[in-house]
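Quick notes on the structure that follows.
Nothing in this text is a laboratory measurement; each read-out follows from the coordinates by a stated rule. Note that the structure is predicted; figures quoted are calculated from it, not measured. Cβ coordinates were reconstructed from backbone atoms using ideal geometry, including for glycine residues, and neighbour counts include every protein chain displayed.
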Amino acid sequence: MKCPYCGKDFSAYSLKKHIRYFCPLNPERDICIARKHILSKIDEMKAFKSEDSERNEYYEGWIDALKWLLETF
């Protein structure tokens, strides 16, 4: 099967993966990569829970901001 953006040949499974993550001509490619990165950052911040309530509020604020950013994508 041919990629509708760049015209390269792929198997059906590889084509789907290529379009979503790797095709440089796909305008939505960067959004998928950004979503994956934002989700990993949210997981990292959730792991930083401590006994310091100010620090927890700081991270919770960032987590809320990142979740809002995901909703806008």
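Residues that are among the charged types (D, E, K, R) and either surrounded by 13 or more Cβ atoms within 10 Å (Cβ to Cβ) or over 20 Å from L69 (Cα atoms) (or both) within region 1-40 comprise K2, K8, D9, K16, K17, R20, R29, R35, listed in sequence order.
The residues of region 17-31 that are assigned to a helix (DSSP H, G or I) and either over 22 Å from W62 (Cβ atoms) or touching a Ser or Thr at 6+ places or on another chain (Cβ under 6 Å) (or both), listed by number, are K17, H18, I19, R20, Y21, F22, R29. If the condition is being surrounded by 13 or more Cβ atoms within 10 Å (Cβ to Cβ) and of a type outside the set (S, T, Y), then region 46-68 contributes N56, E60, W62, I63, L66.
Within region 32-54, the residues that satisfy the criterion of being in a helix (DSSP H, G or I) and of a type in the set (S, T, N, Q) are S40, S53. Could you please find all residues in region 38-73 being under 14 Å from the mean Cα position of the chain (by Cα) and polar (S, T, N, Q)? Answer for region 38-73, where residues must be under 14 Å from the mean Cα position of the chain (by Cα) and polar (S, T, N, Q): S40, T72.
Of the residues making up region 1-19, those that are out of contact with any helix residue (DSSP H, G or I) (no Cβ under 6 Å at 6 or more places or on another chain) and of a type in the set (F, W, Y) are Y5, Y13. Got at least one residue in region 41-48 being among the β-branched types (V, I, T) and touching a residue at least 12 places away in the same chain (Cβ under 8 Å)? There is at least one residue in region 41-48 that is among the β-branched types (V, I, T) and touching a residue at least 12 places away in the same chain (Cβ under 8 Å).
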